[in-house]
Amino acid sequence: MTQEILLVEDNPRDVELTKLALEKANVTNGIKVVEDGVEALKFFFGEDGMSGCLDEECPVVVLLDLKLPKVDGLEVLRRLRSSDKTKRIPVVVLTSSNEEKDIIASYDLGANSFVRKPVKFVEFAEAIRQLGLYWLILNQRVPNGPRK
């Protein structure tokens, strides 16, 4: 079973551009989209905060926007890194923000990468292609099993 990419993005245009760029890069992983931080947290931790995705259902990588409604991306990242269940899932902050404070906060909270969304589609598609190549093919994932 090919594991999915989780795209946490509230802008429908950016969702479509990301899907198109991944398709253009021949990425065959499924893409699950959630539109805000609350949906992302429910995906990982369930309605009760204790269930959510199982190991084999958790995404291979999370592409996380920072400027989200309800719960922002930094809080989502904070929660992902504070749980044994999700702390090792690669999280790539994919955002239009270029503010130094966002870059620092993202890395301080445990982001694996910070990528600013290029404005031009050709540049955006190339950035997504490289992200797919690295995170889906080259990167060695943590094996499933007991977490300490």
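Structural remarks
- Within region 71-95, being surrounded by 14 or more Cβ atoms within 10 Å (Cβ to Cβ) and among the hydroxyl-bearing types (S, T, Y) holds for S83, T86, T95.
- Tallying residues that are farther than 18 Å from L6 by Cα, loosely packed, with under 12 Cβ neighbours inside 10 Å and at pLDDT below 80 within region 116-137 yields 1.
- Number of residues in region 26-81 that are within 11 Å of E4 (Cβ to Cβ) and among the aromatic types (F, W, Y): the value is 1.
- Region 97-115: number of residues that are surrounded by 15 or more Cβ atoms within 10 Å (Cβ to Cβ) and farther than 21 Å from G52 by Cβ: 8
- Extreme residue, farthest from the chain's Cα centre (by Cα), among residues of region 46-70 that are without any contact (Cβ under 8 Å) to a residue 40 or more places away in the chain and surrounded by 15 or more Cβ atoms within 10 Å (Cβ to Cβ): G52
The values are calculated or read from the model by the stated rules, or taken from the named source; none is laboratory data. Predicted, not measured: the structure shown is a model, and the values here were computed from it. Quick reminder, even Gly has a Cβ in these numbers, built from the backbone with ideal geometry, and neighbours come from all protein chains shown.
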